[in-house]
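Working notes, beginning with the structure itself.
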Amino acid sequence: MEKCVVIYKSKTGFTEKYAHWIGEELGCEIYPVENCNLVHLYDYDLIIFGGGVRAGKIDGIKFVNKTRSRFPDKKLIIFATGATPPEETVAIDRVRNMNVPANSGIPFFYFLSGFNYEKMKGFDKLVMSMVKGVVRRIKDKDGTQDAMLAAMKNSYDHSSREYIDPLVDYVKSL
Ligand SMILES: Cc1cc2nc3c(=O)[nH]c(=O)nc-3n(C[C@H](O)[C@H](O)[C@H](O)COP(=O)(O)O)c2cc1C
């Protein structure tokens, strides 16, 4: 197996939890992106980057471009955590297309998480209450919009360790 490291950006703890699970499964080190000096990456063949999705954008994704320009020959994997159910493949494909550099061939994995209002900072809380307000004001809401509103109401955590299996299997197959 390649010598790998997990670098993550996590604001409310979901991505951090997935990073720990991946690190345990692969027996590799994990670092928050804030503590990661690009120089450290010399030691690794494979860099796994993960972040939470906010309005379609993966937090900290700039790290991927920086790493690619500094180390064009290293392998990369991107994973994202989000509240969108994984069955919503159109939405997940949109996240992939918005974040994975075009024609890079970087593998992308998506893991279901939830919302944590207790750990959310002021600006994110404000954004969430604006989104809830917009959905609430829609007259004749359809089932998806009702479900979205219900899902956003309180904190919940639908993350689960087995969701990392496809990523772990992929890395082990390299
Ligand atoms: C302001 C805000 C916007 C969000 N936007 C999305 C989104 O577009 N798609 C999604 O699936 N989840 C969205 N979420 C849910 C987060 O992606 C989810 O909580 C994520 O796992 C957070 O990761 P973290 O705890 O590691 O920061 C949003 C959450 C917040 C607070």
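Laid out as a table, the results:
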item: Any pair with Cβ under 6 angstrom, 6 or more apart, that starts in the range 80-107 at a residue that is over 22 Å from Ala19 (Cα atoms) and not assigned by TED's automatic domain parsing to the domain that holds Glu16 and ends at one that is assigned to a helix (DSSP H, G or I) and away from the ligand (no atom under 12 Å from the Cβ); result: none
item: The range 1-15 residues that are in the same structural domain as Val39 (by TED's automatic domain parsing), paired with ones that are near the ligand (Cβ under 7 Å from one of its atoms) and β-branched (Val, Ile, Thr) (beta carbon under 7 Å, 6 or more apart); result: Tyr8/Thr15; Lys9/Thr15; Phe14/Thr81; Thr15/Thr81
item: Any hit, the range 88-98, residues being touching a Gly at 6+ places or on another chain (Cβ under 9 Å), at pLDDT below 95 and within 22 Å of Ile164 (Cα to Cα); result: yes
item: Hits in the range 1-16 (condition: farther than 16 Å from Val64 by Cα and more than 8 Å from the ligand (Cβ to nearest atom)); result: Met1, Glu2, Lys3
item: Matching residues, the range 24-39, being in contact (Cβ under 8 Å) with a residue 12 or more places away in the chain and either away from the ligand (no atom under 15 Å from the Cβ) or outside the structural domain of Pro72 (by TED's automatic domain parsing) (or both); result: Glu25, Leu26, Cys28, Glu29, Cys36, Leu38
item: Breaking point among (1) more than 12 Å from the ligand (Cβ to nearest atom); (2) surrounded by 13 or more Cβ atoms within 10 Å (Cβ to Cβ); (3) at pLDDT 95 or above, for Gly52; result: (1)
item: Residue match in the range 115-134 (condition: in contact (Cβ under 8 Å) with a residue 12 or more places away in the chain, over 21 Å from Lys57 (Cβ atoms) and surrounded by 10 or more Cβ atoms within 10 Å (Cβ to Cβ)); result: no
item: Residue in the range 63-71 that is within 21 Å of Asp124 (Cβ to Cβ) and within 12 Å of the ligand (Cβ to nearest atom) present; result: no
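Listed here are the residues, each with its yes/no results for (1) within 25 Å of Thr89 (Cβ to Cβ); (2) not assigned by TED's automatic domain parsing to the domain that holds Arg96.
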residue: Phe109; (1), (2): yes, no
residue: Leu112; (1), (2): yes, no
residue: Ser129; (1), (2): no, yes
residue: Val134; (1), (2): yes, yes
residue: Lys141; (1), (2): yes, yes
residue: Gln145; (1), (2): yes, yes
residue: Ala150; (1), (2): yes, yes
residue: Glu162; (1), (2): yes, no
residue: Leu167; (1), (2): yes, no
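The values are calculated or read from the model by the stated rules, or taken from the named source; none is laboratory data. None of these values were measured; they are calculated from a predicted model. When we count neighbours, we look across all protein chains shown, and the Cβ atoms used for this are built from the backbone with ideal geometry, even at glycine.
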